[in-house]
């Protein structure tokens, strides 16, 4: 899978009292193979996180229609959803979170009509993305909520 030209290369994984930078490819390897690098395994162990649960949240697909997704994300309701997800996955400066998240979500949905958190991270614009690991499940639930909102708009 080819990442966008300006996609994040570095992820800063935050758990409670520590912040650990990793190349995005290390998180991608966990998502793709289920095998964390030694450094990622150590960080997840320190954070008392099960690598397989983390993998499940990263790879669980949320089906969406990319055209409807883009319309919703450019509405007041979409802005609320973007702000909620950006509490977990965001830019280091927090200045362009909404725009960055909108871009990452739309790019993620464009290829296969679904969104996975690992795709959002891979497609996140900028060189670095911060992820609140303690709330990764919350971000997944917010994506599921977005799916429900889109289904309500479409009437099914």
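The values are calculated or read from the model by the stated rules, or taken from the named source; none is laboratory data. On a predicted model such as this, the values are computed, not experimentally measured, just so you know. Please note: Cβ atoms are built from the backbone with ideal geometry, for glycine as well, and neighbour counts cover all protein chains shown.
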Margin query: Being closer than 22 Å to residue 15 by Cβ and more than 16 Å from the chain's Cα centre (by Cα) narrows it down to one residue among 47, 100, 104, 139; which is it?
Written below: 47
Next item on the list: State whether one or more residues within segment 99-110 are surrounded by 15 or more Cβ atoms within 10 Å (Cβ to Cβ), within 23 Å of residue 43 (Cβ to Cβ) and touching a helix residue (DSSP H, G or I) at 6+ places or on another chain (Cβ under 6 Å).
Entry: yes
Next item on the list: For residue 131, work out the one condition from (1) in a helix (DSSP H, G or I); (2) touching a helix residue (DSSP H, G or I) at 6+ places or on another chain (Cβ under 8 Å); (3) surrounded by 17 or more Cβ atoms within 10 Å (Cβ to Cβ) it doesn't fulfil.
Entry: (1)
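Taking the options 152, 123, name whichever one is surrounded by fewer than 16 Cβ atoms within 10 Å (Cβ to Cβ) and either modelled with pLDDT of 90 or more or out of contact with any strand residue (DSSP E or B) (no Cβ under 8 Å at 6 or more places or on another chain) (or both).
Numbers: 123 fails: surrounded by fewer than 16 Cβ atoms within 10 Å (Cβ to Cβ).
Only one candidate passes the filter, namely 152.
For segment 86-94, state whether one or more residues are more than 24 Å from residue 17 (Cβ to Cβ), out of contact with any strand residue (DSSP E or B) (no Cβ under 7 Å at 6 or more places or on another chain) and without any contact (Cβ under 8 Å) to a residue 60 or more places away in the chain.
Taking segment 86-94 and keeping what is more than 24 Å from residue 17 (Cβ to Cβ), we get none.
Checked segment 86-94: no residue is more than 24 Å from residue 17 (Cβ to Cβ), out of contact with any strand residue (DSSP E or B) (no Cβ under 7 Å at 6 or more places or on another chain) and without any contact (Cβ under 8 Å) to a residue 60 or more places away in the chain.
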Notebook entry, point to check: at pLDDT 90 or above and either surrounded by fewer than 18 Cβ atoms within 10 Å (Cβ to Cβ) or farther than 17 Å from residue 9 by Cα (or both): does that describe residue 94?
Noted result: no
Next item on the list: Report the residue count in segment 37-71 for those that are surrounded by fewer than 19 Cβ atoms within 10 Å (Cβ to Cβ) and in a helix (DSSP H, G or I).
Entry: 16
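Scanning segment 107-128 for residues that are more than 18 Å from residue 24 (Cβ to Cβ) and part of a helix (DSSP H, G or I), which turns out nearest to the chain's Cα centre (by Cα)? Steps first, please.
Of the residues in segment 107-128, the ones more than 18 Å from residue 24 (Cβ to Cβ) are 109-110, 112-114.
Narrowing further to those that are part of a helix (DSSP H, G or I): 109-110, 112.
Working: 109: 12, 110: 15, 112: 16 Å.
Within segment 107-128, the match that is nearest to the chain's Cα centre (by Cα) is 109.
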Notebook entry, point to check: If you go through segment 88-97, how many residues are in a loop (DSSP other than H, G, I, E, B) and either under 19 Å from residue 134 (Cα atoms) or within 14 Å of the chain's Cα centre (by Cα) (or both)?
Noted result: 4
Notebook entry, point to check: Does residue 8 satisfy the criteria of being touching a strand residue (DSSP E or B) at 6+ places or on another chain (Cβ under 7 Å), closer than 15 Å to residue 134 by Cβ and surrounded by 15 or more Cβ atoms within 10 Å (Cβ to Cβ)?
Noted result: no
